[in-house]
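The values are calculated or read from the model by the stated rules, or taken from the named source; none is laboratory data. All values reported here derive from a predicted model rather than from experimental measurement. Virtual Cβ from ideal backbone geometry, glycine too; neighbours counted across all protein chains shown.
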Amino acid sequence: MPRIEGENVVLREFRREDVPVIHAWVNDPQIVRFLSWAVFPQTLRETERFVETQLSGEDPMSRAFVIALRDADQCIGTTGLIPIDWRNRCGELGIVIGNRDYLGRGYGGESVDLLLGFAFNELNLHRIGLQVFAFNERAIRSYRKSGLVEEGRLREAFYREGNYHDIVLMGITEEEFRLRSTERQT
């Protein structure tokens, strides 16, 4: 797995020593409320299995990374493309900044930008999409800054905290990514 370096964060491989940190996030109700895939609460063994799966590199349909602070190599989140549809050259982006101390500081946006660069420049993908809960306004703003656009909604498709919520579908194509990259350089 490549190491992708940004200004403030690095996308790196998983390590066994990341297990306690990740285990804490997936058992933090304030973090898990934004995740559709998280089983809450999660046992330590389930977290260990997740990290072992990432370490094995055996899943050809995914590329996942730890988000680490560049200066300290401190694990603050995870991101990846899960799944990847190689035939249609599309992937689904997932990201979590699990350490609350680093929310709202731009690390998630920088990580998304790095992952999009990897997806389009290294993996030769054509489109990246994602799903986000409509109540996660901070994430939606961040995704828009990274060039993703709203493509639609699944109305009242997710039940959380006693209410039904919309799931917002967002995406970006390789052409849109390249145009955005060119505009940023000028």
- Residues in the stretch 1-22 that are of a type in the set (Val, Ile, Thr) and in contact with a strand residue (DSSP E or B) (Cβ under 6 Å, 6 or more places away or on another chain) total 4
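Yes/no matrix, rows are residues, columns are (1) farther than 21 Å from Ile76 by Cα; (2) basic (Lys, Arg); (3) within 17 Å of the chain's Cα centre (by Cα); (4) modelled with pLDDT of 95 or more:
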position: Ile95; (1), (2), (3), (4): no, no, yes, yes
position: Arg100; (1), (2), (3), (4): no, yes, yes, no
position: Gly106; (1), (2), (3), (4): no, no, yes, yes
position: Ile128; (1), (2), (3), (4): yes, no, yes, yes
position: Val149; (1), (2), (3), (4): yes, no, yes, yes
position: Arg153; (1), (2), (3), (4): yes, yes, no, yes
position: Arg160; (1), (2), (3), (4): yes, yes, no, no
position: Ile172; (1), (2), (3), (4): yes, no, yes, yes
position: Ser181; (1), (2), (3), (4): yes, no, no, no
- Message: Take Tyr143 and tell me if it is crowded, with 22+ Cβ neighbours inside 10 Å and either more than 13 Å from the chain's Cα centre (by Cα) or under 25 Å from Glu161 (Cβ atoms) (or both).
- Response: yes
- Going through the stretch 1-55 in order, the residues found to be without any contact (Cβ under 8 Å) to a residue 60 or more places away in the chain, loosely packed, with under 14 Cβ neighbours inside 10 Å and in a loop (DSSP other than H, G, I, E, B) are Arg3, Trp37, Val39, Phe40, Pro41, Thr43
- Query: Yes or no: Phe177 touching a His at 6+ places or on another chain (Cβ under 9 Å), within 24 Å of Met1 (Cβ to Cβ) and part of a helix (DSSP H, G or I)?
  - Reply: no
- Scan the strands (runs of 3 or more DSSP E) fully inside the stretch 83-171 and keep the ones with 2 or more residues being free of Cβ contacts under 8 Å to residues at least 40 places away in the same chain. 90-97, 149-160
- Query: Of these, Arg160, Arg184, Arg138, Arg178, which one is surrounded by fewer than 20 Cβ atoms within 10 Å (Cβ to Cβ), closer than 25 Å to Asn8 by Cβ, of a type in the set (D, E, K, R) and in contact with a Phe, Trp or Tyr (Cβ under 8 Å, 6 or more places away or on another chain)?
  - Reply: Arg178
- Of (1) over 18 Å from Met1 (Cβ atoms); (2) in contact (Cβ under 8 Å) with a residue 12 or more places away in the chain, Ile67 fails just (1)
